[in-house]
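> Okay, here's the structure, questions in a sec.
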Amino acid sequence: MDSPDTDWDGVRLHVVTGKGGTGKTTVAAALALALASGGRKVLLVEVEGRQGIAQIFDLPPLPYEERRIAVAPSGGDVFALAIDPEEAMLEYMEMFYGMRRAGRALTKMGLVDFATTVAPGFRDVLVTGKTTEAVRRRGRDGRRVYDAVVLDAPPTGRITRFLNVTQEVAGLARVGPIKSHSDLVHGVVKSPETAVHFVTLLEEMPVQETLDGVADLAGAGLPAGGIFINMVRESLLPQAALDMAVKGRFDVGELALGLKAAGLADGADAGSLAEALAEEVVEHARRTELERAERESLAASTLPRYELPLLTDGVDLAGLYELAESIRTQGAA
């Protein structure tokens, strides 16, 4: 589609969100592959405990550690991390209080559940904190360990609160490690190093949720990125035929004659087949018209838009590379 190329060179954290069923985990994985292409090192993070990354890459469940899972086009590595809140809590306690061993005992007593009950949102702070730590981390040579981090984030309806919750938690502690930690996380999330991307389908509900999410981000002062329109199906008919079908002017008789001339049907069979095909054409035309309207709605957001094809054979590793190439071709990575 006709979208401007976007320069993501300054962005280190790519947050990917979308309504359930839009394929946000698939797009996050493809984006990670695209960003890693050409010899870069990218970390793909998931926070919802669904092991979606492992399923997409056809791997066993991922442990709470960073491990390489794929080689990107033209070289480059994709690492993955499935964040476990309890393990993140242990790291947090060791980092700020030197209490890892004690933390394990407290974890067995339900520390994480207790903490998140007392301070709703603290669990989100733990997982966003682990993600932003990976963004900031530097090696012994002083360079960033990862060129980019892609976060497969919660759905659109939760994304603004998920990213903005550090500010709320920071309000519970005016000083000390929790305050410092929250400020660090908040600083990365609200900086130009972060971009929040939306995944949608050309359907009314996900498009409206995307537009609402973009507005919510703007209201919270969070940085929006682009809109990835997933599972796009190409029209199989010329626009003139689609217009005729939508207006109810599709000539079934002419179609039957065409089927006879092509030797595809004879007599009554041609008429029956023509009627069945006409119904399919009308349905296709109506869907195409609705999709056109949803495209126009998305265009009102002014964010760059990228269209990703429907993978007719399903999502597998080959499909991910196809999507990654589409993302790169459109200038989104």
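The values are calculated or read from the model by the stated rules, or taken from the named source; none is laboratory data. These numbers were taken from a predicted model, which means no experiment stands behind them. When we count neighbours, we look across all protein chains shown, and the Cβ atoms used for this are built from the backbone with ideal geometry, even at glycine. All accessible areas refer to the heavy atoms of the entire protein, side chains included, with ligands and DNA or RNA removed. Shrake-Rupley method; radii C 1.70, N 1.55, O 1.52, S 1.80 Å.
> Where in the range 178-206 does the amide nitrogen come within less than 15 Å of the point 7 Å from the Cα of L290, taken along Cα to Cβ?
From the range 178-206, the list is 201-206.
> Let me ask something else about it. So if each residue of separation counts as 0.36 nm, and I subtract the Cα-Cα distance between S297 and E203, what length gain in nm does that give?
The span from S297 to E203 would gain 32.8 nm if fully extended.
> Rank-order 65-74, 225-234 by packing density, defined as the average count of other C-beta atoms within 10 Å over each peptide's residues, highest first.
Result, highest mean first: 225-234, 65-74.
> So, one more: Using a Förster radius of 45 Å, what is the FRET efficiency between V71 and D269 based on their Cβ-Cβ separation? Nearest 0.05, please.
Calculated transfer efficiency: 0.30.
> For the range 276-332, give the percent of accessible area contributed by carbon and sulfur heavy atoms, probe 1.4 Å, rounded to a whole number.
Summing carbon and sulfur atoms, their accessible area is 53 percent of the total for the range 276-332.
> Under 15 Å from a point placed 7 Å out from the Cα of S235 along the Cα-to-Cβ direction: which residues of the range 293-318 have their backbone N that close?
The answer is 293-296.
> Using packing as a proxy for protection, rank 276-284, 129-137, 193-201, 311-319 so that the peptide with the highest average count of other Cβ atoms within 10 Å comes first.
Ranked by mean Cβ neighbours within 10 Å, highest first: 193-201, 129-137, 276-284, 311-319.
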